[in-house]
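The values are calculated or read from the model by the stated rules, or taken from the named source; none is laboratory data. Owing to the predicted nature of the structure, the values given are computational and were not obtained by experimental measurement. Neighbour counts are summed over all protein chains in view; Cβ atoms, including those assigned to glycine, are modelled from backbone coordinates with ideal geometry. To get the accessible areas, we keep the full protein, side chains included, count just its heavy atoms, and leave off ligands, DNA and RNA. Shrake-Rupley method; radii C 1.70, N 1.55, O 1.52, S 1.80 Å.
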Amino acid sequence: GFRWGKNDIANDYTLEVSRDQNFSKLIKSVQTPLTEISVDDLDAGRYFWRIRTNVSLNKSYRGVSPVHALVVEKKNVIEPPELISPKDQKRVSRLMLDNKDFIFSWKADPQVKNYEIMISSDEKFQKVVLSAKSSGNFFTITEPVKAGDYFWRVRPVSEKGDETAFSPARRFSVIDADRISVISPQDKSRINIDENEKNPSQT
């Protein structure tokens, strides 16, 4: 985006972009009545730009702004993947993980060949319990996982070694679904029964 100050006597403006400071290699000239304009077709490289003011009442008048330099850098930004399953706050049986019946999945990007999945026992991922790479958009845990709360996230792996961003993390809980928890009476409890009290089932 190019922006400049308003000239009260100007009818419109001309943005000029050149490869050299003398503007002998002009590559863009855009006329506009506005004081800003966006250009999105510049290749990577060094450029110089300036603004000319046009006044219809005085054709001989040509105001010219100071020349400014700029450098265009282009990067191939790889967006973090969108997580699919499990959904946030999902409760997972440890038996499913042990039997490899539970799959982590995310949306695939045709530009990405490999992904990194990370699972941690804390939200800040300072206690990582698993970090692995996948050539597809899914992953299955092959190691035993203890019951508890976990967080998981995924990021693309750049072939050029560029740093890529992780997806927003999701939380899931691993539970021992095969165990039944007893509530009452508690272990080693003593229950006193009045001998004179009749059983409700007796008449």
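Listed values, structure above:
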read-out: Segments classed as strands (runs of 3 or more DSSP E), wholly inside the stretch 135-175, with at least 2 members that are more than 13 Å from F102 (Cα to Cα); value: 148-156, 170-175
read-out: Residues located in the stretch 30-67, provided they are over 37 Å from the mean Cα position of the chain (by Cα), in a strand (DSSP E or B) and not charged (D, E, K, R); value: Q31, I51, T53, N54, G63, V64
read-out: Total residues in the stretch 6-26, condition at pLDDT 90 or above and open to solvent by 50 Å² or more (accessible area, probe 1.4 Å); value: 5
read-out: Matching option when the condition is surrounded by fewer than 12 Cβ atoms within 10 Å (Cβ to Cβ), of a type in the set (A, V, I, L, M, F, W, C) and either under 19 Å from the mean Cα position of the chain (by Cα) or at pLDDT below 75 (or both), among V182, V154; value: V182
